[in-house]
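Trainee: My structure is below; once you've seen it, I'll send some questions.
Every number in this text was worked out from the coordinates using simple rules, so none of it is lab data. Keep in mind the model is a prediction, meaning the values are calculated, not measured. Backbone-built Cβ (ideal geometry, glycine too); neighbour counts: all protein chains shown.
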Ligand code: COA
Ligand code: AMP
């Protein structure tokens, strides 16, 4: 069947489409129907089903003949370690940890925060939670104590499972002081912590509160899978929004299983038994969906890669991993390829490896610039597929459905909507715009299974952020256009989210931190274009009247403050002091105009600007930093 046929089939009977897809899942009690719209515009899928995620990701493969197949390859060039875990091993490890958690009184619905580097135990911890119905919330290791504390207070976990350290090129990042700092800062206190001691930096444990990973499980009775309701939350994943408070995206259990399974063949074109590699981190949605759950639910082998595309040890690392594990489909962010291209412009290192197993490269997480796509195509000699999705949606919404058919690739476009989505571009009043015109990207409700049913503890924010501006539609927060062939083009965010090295960050969160500096009266953070990371945050600081401290000292302190409060992942290294910020007459800072000036793009003078002369001052400040070149 063609993409057109399958898409038309979904359009005619969306519920029938998803009920059919649901047959790929092992149910304790199958759903009697797909959609529950009784609380529209809030929807749930497969609400009356009973199911267990871990059973579908692990046990059923052991029972079904894949016991000896490798489930997880661990490859850590940064520590010089390799390991592999079969489905049978994985089941034992997960059941034991789940048993130990249950023995400490944790029960279905309780939350567990996971703060771990890229080690297989991170997946074991996620799956152990799923096994007994615990709701995990994984926090990326590049976030600092304060961010962790915010998540602890929002998710109110009974337990935290952490690694003793992460390892970045040239430095060990001790996690335990960050964890202790976060617990001290948070109002909510977990009952206990489980710490995976890594030899690179074992942590000091607090007697009575912290348990060593091995001791904690020793002698525990392995736990069986616990059936949960289809609409019960599987996990919470916090992501950046416009304000400093992150949004707790909720993923429900059954929809997640059905949708991820569907994508593994239809989008990523892998068959069970093949090796799928998402070079990302478990702390991001890509890591949830395509390092952990998707490949395992589908019976693939997945790779936990603890390294970087360059420098661990060189720009040939990705090719080695493809060769060593016979990777069929690779998924990463365009930044990774820009980094490789920068270090090895002629892709000479590929010649040292046999990458003939690779069929396709998938890019997402940020705009895939045509130069990078063409370079990757020439280097790898396989199709390079851009596709678009978001933490909220959990899996590709707009893609080239390669497993169905490879549609023509158009550079700069992630291609066409997948079943479940019908993207439209609308103006501010919600009127649909013709092909080629730029506007807000929306898709009609209900969203398909596996997307966010709500935000944790924040239903009003969910409605306000996504549902209220364009009634009947989900607002993606992205702007773009659709061409005559129905291909989507993503151009920018419509909110204050920026994308740095494929990492989604909130400029609002950075502004909140900067505003806390004693000398800063007012500030603005924008995203400026960067050849490697796509965007970089840049801060503009207006100082308190009478402050006569050296500006470079204040700038340094501000950079330090963002690193300490948000974490190194914010990559906040550019800031400058200015006298005034450009604003509208109603006082709104003109961040988008500032970003255009920084990038040397044309811009329209905003009609509501209070004092146009301030834009010239901003331009001068930007030029002093090497930006705003016309
Ligand atoms: N724990 C602690 N610190 C971390 C971290 C982690 N898990 N991840 C990143 N950091 C730190 C980095 O060490 C860096 O610190 P520094 O300021 O001391 O150099 C800082 O956070 C910024 O990280 P990043 O923006 O990733 O830059 P980088 O120079 O370390 O690496 C790339 C650049 C392009 C190699 C890297 O970003 C990359 O591989 N990105 C592509 C893929 C990807 O993972 N995308 C995620 C979504 S799919
Ligand atoms: P995240 O929630 O971290 O996955 O980030 C989602 C955001 O990243 C989207 O809303 C887009 O702004 C951006 N994004 C993701 N994929 C793409 C893509 N293929 N092209 C352009 N932008 C993308």
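Trainee: Once you wrap a convex hull around the alpha carbon atoms of the range 463-562, what is its projected area averaged over all directions, in nm²?
Mentor: If you wrap the Cα atoms of the range 463-562 in a convex hull and average its projections, you get 9.1 nm².
Trainee: If you don't mind, another one. At q = 0.14 Å⁻¹, what is the log10 ratio I(q)/I(0) for the range 569-614, with the Debye formula run over Cα points and no solvent?
Mentor: With no solvent term, the Cα-only Debye profile gives -0.39.
Trainee: If you don't mind, there's one more thing I want to ask. Over the C-alpha atoms of the range 295-454, what are the Rg and the largest Cα-to-Cα span, Dmax, in Å?
Mentor: Gyration radius and largest Cα-Cα distance of the range 295-454: 17.6, 55 Å.
Trainee: Taking the DSSP beta bridges in the chain as the whole, what percent of them are antiparallel, to the nearest 5?
Mentor: On the way: 57 of 95 bridges.
Here the antiparallel bridges make up roughly 60 percent for the chain.
Trainee: Per residue and in Å³, how big is the convex hull formed by the alpha-carbon atoms of the chain?
Mentor: 156
Trainee: Still on this structure: With no solvent and one equal point scatterer placed on each C-alpha of the range 370-423, evaluate the Debye formula and give log10 I(q)/I(0) for q = 0.13 Å⁻¹, two decimals.
Mentor: Values returned for q = 0.13 Å⁻¹ are -0.34.
Trainee: Where does each of 253, 391, 263 land when they are ranked from fewest to most other beta-carbon atoms within 10 angstrom?
Mentor: Sorted ascending by nearby Cβ count, the order is 391, 263, 253.
Trainee: How far is the Cα center of the range 98-132 from the Cα center of the range 558-582, in Å?
Mentor: Here the answer is 35 Å between Cα centres.
Trainee: Taking a quarter of the surface of the convex hull around the Cα atoms of the range 52-168, what do you get in nm²?
Mentor: Convex hull of Cα atoms, orientation-averaged projection: 7.5 nm².
Trainee: Please work out the Kirkwood hydrodynamic radius for the range 530-630, using every pair of different C-alpha atoms, and report it in angstroms with one decimal place.
Mentor: 14.7
Trainee: Hey, what D do you get for the range 256-303 in µm²/s if you plug the Kirkwood alpha-carbon radius into Stokes-Einstein at 4 °C and 1.567 mPa s?
Mentor: On the way: Rh = 10.2 Å.
Calculated translational D: 127 µm²/s.
Trainee: Provide 97, 447, 467, 581 in ascending order of the number of other Cβ atoms located within 10 Å of each residue's Cβ, fewest first.
Mentor: Ordered by Cβ neighbours within 10 Å, fewest first: 467, 581, 447, 97.
Trainee: Out of every Cα pair in the range 510-565, what percent are spaced more than 13 Å from each other?
Mentor: 60
Trainee: With an 8 Å cut-off on Cα pairs and a minimum separation of 6 or more residues, tell me the relative contact order of the range 1-54 in percent.
Mentor: Value for the range 1-54: 29 percent.
Trainee: Quick one: P(r) of the range 433-513 from all Cα-Cα pairs, 10 Å bins, percents rounded to integers, in order of increasing distance.
Mentor: Spelled out per bin, shortest first, that is 16, 39, 36, 8, 0.
Trainee: Something else about it: So what are the radius of gyration and Dmax for the Cα set of the range 224-317, in Å?
Mentor: 15.5, 47
Trainee: What ranking of 207, 553, 366 emerges when the number of other C-beta atoms within 10 Å of each C-beta is taken as an exposure proxy, fewest first?
Mentor: Fewest-to-most Cβ neighbours within 10 Å comes out as 207, 553, 366.
Trainee: Contact order normalised by length for the chain, with contacts defined as Cα pairs under 8 Å and 6 or more residues apart; what percent is it?
Mentor: 12
Trainee: Kirkwood hydrodynamic radius, the range 116-238, all distinct C-alpha pairs: what's the number in Å?
Mentor: Kirkwood hydrodynamic radius for the range 116-238: 15.1 Å.
Trainee: Let me ask something additional. Among 134-141, 602-609, what's the highest-first ranking by average C-beta atoms within 10 angstrom per residue?
Mentor: The peptides rank, most packed first, as 134-141, 602-609.
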